[in-house]
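Below: the structure, in structure tokens.
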Amino acid sequence: MLRYIGKRLLMMTVTLWVIVTLTFILMVTIPGSPFNSERGTNEAVQANLEAHYNLDEPYIVQYVLYLKSIVTFDFGPSIKQPSQTVNEMLGRGFPISFELGIITIIVAVLSGVTLGVFAALKHNQIIDYVAMGFAVLGISIPNFVLATLLIQQLAVNIEWFPVARWLSPAHMILPVTALATGPMAIIARLTRSTMLEVLTQDYIKMARAKGLAPWKIICKHALRNALMPVVTIMGTLLAGILTGTFVIEKIFAVPGMGKYFVESINQRDYPVIMGTTVFYSAFLIVMLFLVDIAYGILDPRIKLHKKGGRE
């Protein structure tokens, strides 16, 4: 296990380095300067600003300074908001984005699994058709389109829910709904298909023959094995939810990291772009690693070879 974890940590480090390098290359290859849009800024002032932020240095020097900022976790001040550092923005915005993401994951998993189990138990009945029809709609509608519809219908037309703030549970309902609908639909369909397969297994028939209560058969025996494919795709769903928060936060004016990331791209604020990209990439890589470890813990059939592989 230790050898496997060490190998994964090495792979995580290499993956993060590749992301960091690609982000830097994209930033330096974009034509122009962050200060080109500043009105009334002459060439001398612009040159001084670029020198202050080391933008006049050779690319290799900028790259080394960039790597140093990552190792020390000090991304420096924002170009467009010099009174604030990127670390301060991360500290202020990430807890809100994290809260939104965690609530979304919980809602998506609980509702998706519940919907999938009921659809499997009522196979080829009205509940099954309604649940799967809802799942198809959830997968088909992009979250940013759903977010716009929710704001128009539930916040503007009938004024049931508030938007543009993050002050109470009522402000969380629409953003969480827009983010959770797609993952919930995927989990529901996957849970239904695996549950139908598990319910035909011999050990389930044996449990029924022993006279166990139906809820014990479902919760204790069938559901655990039916959830394994769900755990497998949790890494992909986590990636989709965490990156999807950027767009949803901008649409709902949630003061999370999405706000800073989108604004930094529009303003070409290099430190903020690089800081948020590295931070989210590292966070996502760690989450994928934990999901992989959880998969091995939940399924006792998975064992590690001496060389760190899986059986």
Relative to the chain, whose Cα atoms define the longest principal axis, helix 86-121 and its Cα axis are tilted in degrees, nearest 10, by 20
In nm, the gap between the two label points placed 7 Å beyond Cα toward Cβ at Glu57 and Lys216 is 6.8
Quick calc, Asp74 & Ala47: beta-carbon distance into FRET formula, R0 30 Å, rounding 0.05, result 0.75
In degrees, nearest 10, the alpha-carbon axis of helix 257-267 is tilted away from the dominant principal axis of the alpha carbons of the chain by 40
In this structure, among Lys122/Lys205; Lys7/Lys68; Lys122/Lys210; Lys7/Lys216, pairs with alpha-carbon gaps over 28 Å are Lys7/Lys216
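Can you give me the accessible area per residue for segment 160-255, using a 1.4 Å probe, in Å²? Walk me through the intermediate numbers first.
Working: 4710 Å² over 96 residues.
Using a 1.4 Å probe on heavy atoms only, each residue of segment 160-255 averages 49 Å².
Taking every pair of distinct Cα atoms and averaging 1/r, then inverting, what Kirkwood hydrodynamic radius in Å comes out for the chain?
Working: mean 1/r = 0.0444 Å⁻¹.
By the Kirkwood definition, the hydrodynamic radius is 22.5 Å.
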Taking Cα atoms, the helix 169-198 axis meets the longest principal axis of the chain at an angle in degrees (rounded to 10) of 40
Here FRET efficiency (C-beta to C-beta, Ile25 to Phe98, R₀ 30 Å, nearest 0.05) is 0.60
With DSSP loop assignment and no more than 10 other C-beta atoms within 10 Å, the GluC sites (Glu not before Pro) in segment 98-201 are Glu159
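Quick one: accessible area per residue over segment 58-155, 1.4 Å probe, rounded to a whole number of Å²? Write out the running numbers ahead of the final one.
Details: 5300 Å² over 98 residues.
About 54 Å² of surface per residue is accessible.
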Given a Förster distance of 41 Å, the FRET efficiency implied by the Cβ-Cβ spacing of Tyr203 and Lys7, rounded to the nearest 0.05, works out to 0.75
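The values are calculated or read from the model by the stated rules, or taken from the named source; none is laboratory data. As the structure is a prediction and not an experimental result, all values here were calculated from the model. Reconstructed Cβ throughout: ideal geometry from the backbone, glycine too, with neighbour counts over all protein chains shown. The accessibility values were calculated without ligands, DNA or RNA, using every heavy atom of the protein model including side chains. Shrake-Rupley method; radii C 1.70, N 1.55, O 1.52, S 1.80 Å.
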